1. Report D for segment 26-70 in µm² per second (integer): Stokes-Einstein, Kirkwood Rh on Cα pairs, 4 °C, 1.567 mPa s.
2. For the chain, build the charge dipole from Cβ charges (+1 Lys, Arg; -1 Asp, Glu) around the Cα centre, then report which of Thr445, Pro279, Leu175 sits farthest towards its positive end.
3. By counting other Cβ atoms within 10 Å of each Cβ, how are Leu537, Leu63 ranked from fewest to most?
4. For segment 379-516, go through all pairs of different Cα atoms, get the mean of 1/r, take its inverse, and jot down that Kirkwood value in Å.
5. Under the rule a/c < 1.5 gives rounded, and otherwise a/b versus b/c splits prolate from oblate, where does segment 18-130 land using the Cα gyration tensor?
6. Taking a ≥ b ≥ c as the square roots of the Cα gyration tensor eigenvalues, with a/c under 1.5 meaning rounded and otherwise prolate when a/b beats b/c, else oblate, which class fits segment 253-302?
7. In whole angstrom, note down how far apart the Cα centers of segment 77-118 and segment 560-601 are.
8. Loop only per DSSP, at most 14 neighbouring Cβ atoms within 10 Å: give me the trypsin sites (Lys or Arg not before Pro) in segment 240-316, ordered by residue number.
Amino acid sequence: MKNIAPAIFPPNGIGDTEPTNQAVLDWVQEIGKLTKPENIFWCDGSERESEFLISESLKQNVLIKLNEKKVSRSYLHRSNPNDVARVEKFTFICTPTKNEAGPTNNWSEPAETYAKLQGLLNGAMRGRTMFVVPYMMGPPDSPLTKVGFEITDSKYVVLNMRIMTRMGKAALDRLGTDPTAEWNRGVHSLLDVDPDRRLICHFPQDNTIISVGSGYGGNVLLSKKCLALRIGSYLARKQGWMAEHMLILGVESPEGKKHYVAAAFPSACGKTNFAMLIPPAYFKGWKVTTIGDDIAWMQIRNGQLYAVNPENGYFGVVPGTSYQSNPNAMKSIAHDTIYTNAALTDDGDVWWEGKDDARPMHALDWRGNDWSPASKEKAAHPNSRFTTPMRNNPALDLDVEKGEGVPISAIIFGGRRSDTVPLVYQAFDWNHGVYLGATMASETTAAAAGAVGQVRRDPMAMLPFCGYNIGDYFQHWIDIGKRLINPPLIFNVNWFRKGVNGQFLWPGFGENMRVLKWIIDRCEETGGALKSPIGWLPSPHDLDLAELDIDHKCVAEILGIDHEEWQKEIAAHGKFFDSLGGVVPEELQKKREQLASRFRE
Ligand code: OXD
Ligand code: MN
């Protein structure tokens, strides 16, 4: 097997910060014995360590340095072309019984899976360096914060983990020396990046993740989808909190009144754009600030839901990001950023479809091949990504490090639907909101391998990320509701509805502020709404559409409910629930019957 990650040899003072926790040391020794690396590199997250890793990555062509004048301290990485997205079919939840993993997860038996992975990992790091990455998810003083260790043979992983998590000393300090303390064990090896030897396995009962055969972020930055969502959701149910695939943003009115909302949209449906929204000129004095763009951990305090962002950076989709769609993201990725699978221009800048700059006449595409506007292939991969520290975001909320989290006034569900689902509506109550989340659907995107553009049900945007039985997950939502004295209001949005001619009916981006404003008005009990069979619906004059260049017909269309489409939708909800094989709580079945009967009234 070709060694695609040759060992590196740090000078004294780099790579030698061994943790003091004996349980960690024993585990590293065990994995070392199995994978047989050339050497062990103990990461501490320091600047010096990062400089050394970058210089070695440049030598080994893991990174390409970008033009300092265009994007300072930034790099391009090209992944193996067979390895560009999350691989749901190779992702497993390894619980003792299949029932615990439930109908939406691939399940495999833990003992057999460990044996198989041990076979794959045996000697896998020969001639390579084994990096040990201590990291922390969540603000340093939050009760929700978790510690993890990721062992990896990829320098790209270490450099990305440094951006995406609080890596190094802070994590070691938080863990301390107690050998019985809770921490997540993560093992990653690139092996030879062969799709036939690619497995992402979660062992929730052991708080363990093993990922082999991939170098793509979503499969290998084990802090993110694997720990913060799959293992996180399992721990959350056990410990009475929530781990959700949600952005968190703050909205402040000109009078200084502030609300926080959390929103779950499936992958590549605009969570980062919404989290960094800049209100249009008409909304002078309104401010939107970002707590997080992908994951929310939420707990109940005094009967109210509070959220923290466990991450420390953004791993966002590059194509379509522009000063027009998301100026704050553009400013964030203008420096100190790692790009993956973007195109490289002749002057050492990165380029992608949808960037503001004019198309270059020549570039190297994401595979490193010559590209010109006449090329049939895209220059940047549709799932090319940026990894950037959240500190780069000019709209970062000041309370992002607050350990207790921020109080959540509203939860928003949403998906990419060309038809049926109106721009926005509000659930009648918490359990109806759980129903909206449970029946959410979206047209698939390039974030996961597979066909693009097909409507699939994606409950709470957690279909690929719920680490246990989805029926129990729905019940957990219902149980959380019972403990809330002051529950957030729940909404559903759809920015993507199309008119009869196939054109988008809503301008989206910054104009989504108008929808957000109505949501805030509802929280403040000042916003008007009509009772419809699907929930509380704004009439056109309940939305503030001043100075918006939009046809009244489009507004009526996007807020409309087509009874025939909804009959199909309700039938699809039933079919989806049936496909889950009897795990859906009675309460949600009842909500479906009530929805159907409201249409008959
Ligand atoms: C992501 C995803 O990368 O949801 O955030 O796929
Ligand atoms: Mn995501």
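1. Estimated via Stokes-Einstein, D reaches 100 µm²/s.
2. My answer, from the dipole projection, is Thr445.
3. Leu537, Leu63
4. 17.5
5. On the way: a/c = 2.29, a/b = 1.46, b/c = 1.57.
Because a/c hits 1.5 or more and a/b fails to exceed b/c, segment 18-130 counts as oblate.
6. It comes out oblate by the Cα gyration axes.
7. Distance between centres, Cα-based: 31 Å.
8. When the trypsin sites (Lys or Arg not before Pro) of segment 240-316 are filtered for loop state and at most 14 Cβ neighbours within 10 Å, Lys257, Lys284 remain.
Only the coordinates and a few stated rules stand behind these numbers; no lab work does. What you see is a predicted model, and the numbers here were worked out from it, not measured in a lab. We place every Cβ from the backbone using ideal geometry, glycine too, and count neighbours over all the protein chains shown.
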